[in-house]
Amino acid sequence: WSSFPLEDIGIIEPTKDNGCKVVLTTRSEEVIRSMGCKKVQVACLSMHEAMNLFLSKVVQDISENPTLKSSMRLAV
């Protein structure tokens, strides 16, 4: 991993003047340090919460497909 300017991927550098904020997610503290980010730790969702979030983002009829139910649990 190596840091890079956000502008390289079309994201303007967040400043107090432009009001922009960027949220990066990573499991690596090295990424946090190299990008100069503030670390904010969040707790993992429970399986129930994760499944509800997942299902809120997919088409409902997919969640009723018995073939896909086991795959959905793996994805969550």
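We did not get these values from a lab; they are worked out from the coordinates using the rules stated. Just so it is clear, the structure is predicted and the values come from calculations on it, not from any experiment. Glycine gets a Cβ as well: all are built from the backbone with ideal geometry, and neighbour counts include every protein chain shown.
Quick notes
- Its Kirkwood hydrodynamic radius, worked out from the mean inverse distance over all distinct Cα pairs, puts the range 1-42 at 11.4 Å.
- Taking every DSSP helix (H) stretch of at least 4 residues in the chain, weighting each as -39,500 (n - 2.57) and dividing the sum by the residue count yields a mean residue ellipticity at 222 nm of -11000 deg cm²/dmol.
- Debye-sum result for the chain in log10 I(q)/I(0), which assumes one identical scatterer on each alpha carbon, at q = 0.27 Å⁻¹: -1.23
- Between Lys21 and Met51, the modelled label-to-label distance comes to 3.2 nm, taking each label 7 Å out from Cα in the direction of the beta carbon.
- Using alpha-carbon coordinates, inclination of helix 66-75 to the longest axis of the chain, degrees: 30 degrees
- Fully extending the segment from Ser3 to Ser34 would add 10.6 nm, taking 0.36 nm per residue of separation and subtracting the current Cα-Cα distance.
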